[in-house]
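Enquirer: Questions regarding the structure given below will be posed in turn.
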Amino acid sequence: QVHVVESGGGLVQPGGSLKISCVASGNIDSIYDMAWYRQTAPEKQRTLVALITDTGGTKYTSSVKGRFTISRDNAKNAMSLQMNVLKPEDTAVYYCNVDGNGPDGDFDSWGQGTQVTVSS
């Protein structure tokens, strides 16, 4: 099993900053892509926020470009998302997704999510 755990969520005022992180553990040989998704309500679909590849390439959804920065620490199987100039519409549960390979084959694992609330 591959376990993914997010941390760092919380309540922040509009215009503020927050950094969320996740760590993957378990039967991991290598990690290809790591990404952050968010879900604004249980009945809504999760949407991609940012992605970082094993070679450092990044992708962001247009609404967060220039405000969010994704990074990874391969030695720790960890990833972070620095969120600046937060807006109320950024409020969501943020999920860490890890795409990799292990002794059991390829995996695509999700964390439990961390709540980010942007409100005055």
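The values are calculated or read from the model by the stated rules, or taken from the named source; none is laboratory data. Since we're looking at a predicted model, the values are computed, not measured. Note: accessible area is taken over every heavy atom of the protein model, side chains too, but ligands, DNA and RNA are not part of it. Shrake-Rupley method; radii C 1.70, N 1.55, O 1.52, S 1.80 Å.
Enquirer: Take every Cα pair under 8 Å in segment 1-56 that's 6+ residues apart, average their separations, divide by the length, and report that relative contact order as a whole percent.
Expert: Values: 64 pairs, mean separation 15.7, N = 56.
Computed value for segment 1-56: 28 percent relative contact order.
Enquirer: Can I ask one more? At 1.4 Å probe radius, can you tell me the per residue accessible area of the chain in Å²?
Expert: Values: 6350 Å² over 120 residues.
Roughly 53 Å² per residue, with all protein chains present.
Enquirer: Would you list, by chain and number, the lysines whose Cα falls below 29 Å from the Cα of residue 44, excluding same-chain residues fewer than 8 positions away?
Expert: Within the straight-line limit of under 29 Å, residue 44 reaches these lysines: 19, 59, 65, 87.
Enquirer: Another question about this same structure. What are the extents of the Cα atoms of the chain along their three principal axes, listed from largest to smallest and rounded to whole Å?
Expert: If we take the Cα atoms of the chain, the spans are 47, 28, 21 Å.
Enquirer: Can you give me the % of accessible surface on the chain that is carbon or sulfur? Probe 1.4 Å, all protein chains present, nothing else counted.
Expert: 46 percent
Enquirer: Normalised by the residues of the chain, what does the relative contact order come to in percent, with Cα pairs under 8 Å and at least six apart?
Expert: Working: 302 pairs, mean separation 45.5, N = 120.
Computed value for the chain: 38 percent relative contact order.
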